[in-house]
Amino acid sequence: MAVVTGLVVTLVLSLGGGPSRSPAEARELVTNVAATATDWGPGFDDLGDRYDTGELLAQKDCELTARGNRPGTLVGLQRVAKSDEGTLFAMSDARAFKNAATAEAYMKDIEDTLHRCPVQRTPKARYEDVREGAAPHVSGLDHVISEEGRATLEDGKNTNYSYVALTGRKGEVVLYAAVEGPPESRGELPRLAAEALERMNGRLSDAAALRHVP
């Protein structure tokens, strides 16, 4: 999925397998964990939060189609930020699931789209050269997927932006961080995405630890 499709956090239950959080607790968790403008570095401004944005499903022809949240989703949160000069755009998406199996199914759908669709599109967007990149090691995450590509059409306008999107799962939680910018920014995109993912993962670990203090 490209930058506009979303960054993801899935609710963790407990590292020891306790009862699921309530929807209110899930909402509080993703609100605290999802990356904000400051997580992307100096000079980024928040463009707003959106809850329960649904998912994009890749059809057989690789057309990305919006659908509602899959069964087992507790809450989703998407945040968008941009650099002061307006050349870099970043997104995080926090999504809480009821169990690890649903979170892993979400990850498998992302991998399927990544491996099957080197070109992806919506009526107003197109992504080309979509491929798997080198995933960074983030301590504590069970599974990390790295995606790279180019956004060649956005909001109906021709562009030539590179992007990097990282998706990481920790139990019932998936963390997604994506950033895009013009060709000259390509070298810094992997670092920005990895640092944002690590910050989210750190806050997720802190939240899980606090929840299970006797």
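Things worth noting here:
- Residue that is more than 21 Å from ALA193 (Cα to Cα) and at pLDDT 95 or above, where the choices are VAL119, VAL130: VAL119
- Any hit, segment 193-203, residues being surrounded by fewer than 23 Cβ atoms within 10 Å (Cβ to Cβ), closer than 26 Å to ARG70 by Cβ, modelled with pLDDT of 90 or more and not polar (S, T, N, Q): yes
- Scan segment 75-114 for residues that are charged (D, E, K, R) and either farther than 23 Å from GLU63 by Cα or crowded, with 22+ Cβ neighbours inside 10 Å (or both) and the total you get is 7.
Table: residues versus (1) under 13 Å from ALA34 (Cα atoms); (2) surrounded by fewer than 18 Cβ atoms within 10 Å (Cβ to Cβ); (3) β-branched (Val, Ile, Thr).
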position	(1), (2), (3)
ALA151	no, no, no
ASN158	no, yes, no
TYR161	no, no, no
VAL164	no, no, yes
GLY168	yes, no, no
VAL173	yes, no, yes
PRO182	no, yes, no
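- Pairs where the first residue, in segment 151-178, is over 30 Å from ARG203 (Cβ atoms) and the second is of a type in the set (Gly, Ala, Ser) and crowded, with 24+ Cβ neighbours inside 10 Å, C-beta under 8 Å, 6+ apart: none
- Residue in segment 178-198 that is touching a Lys or Arg at 6+ places or on another chain (Cβ under 7 Å) and either more than 25 Å from THR31 (Cβ to Cβ) or not in a loop (DSSP other than H, G, I, E, B) (or both) present: no
- Where ILE145 falls short, out of the listed (1) under 14 Å from ALA178 (Cα atoms); (2) in a strand (DSSP E or B); (3) open to solvent by 20 Å² or more (accessible area, probe 1.4 Å): (3)
- In segment 82-101, residue farthest from ARG169 (Cα to Cα) [restricted to those that are among the hydrophobic types (A, V, I, L, M, F, W, C) and assigned to a strand (DSSP E or B)]: PHE89
- Among the conditions (1) open to solvent by less than 10 Å² (accessible area, probe 1.4 Å); (2) out of contact with any Asp or Glu (no Cβ under 7 Å at 6 or more places or on another chain), the only one that CYS62 does not satisfy is (1).
- THR167 touching a strand residue (DSSP E or B) at 6+ places or on another chain (Cβ under 8 Å), hydroxyl-bearing (Ser, Thr, Tyr), outside any helix (DSSP H, G or I) and within 28 Å of VAL75 (Cβ to Cβ): yes
- Restricting segment 5-42 to residues that are among the polar types (S, T, N, Q) and open to solvent by 10 Å² or more (accessible area, probe 1.4 Å), the residue that is modelled with the lowest pLDDT: SER14
The values are calculated or read from the model by the stated rules, or taken from the named source; none is laboratory data. What you see is a predicted model, and the numbers here were worked out from it, not measured in a lab. Note: ideal-geometry Cβ built from the backbone for every residue, glycine included; neighbour counts use all protein chains shown. These area figures cover heavy atoms from the full protein model, side chains too; ligands, DNA and RNA do not enter into them. Shrake-Rupley method; radii C 1.70, N 1.55, O 1.52, S 1.80 Å.
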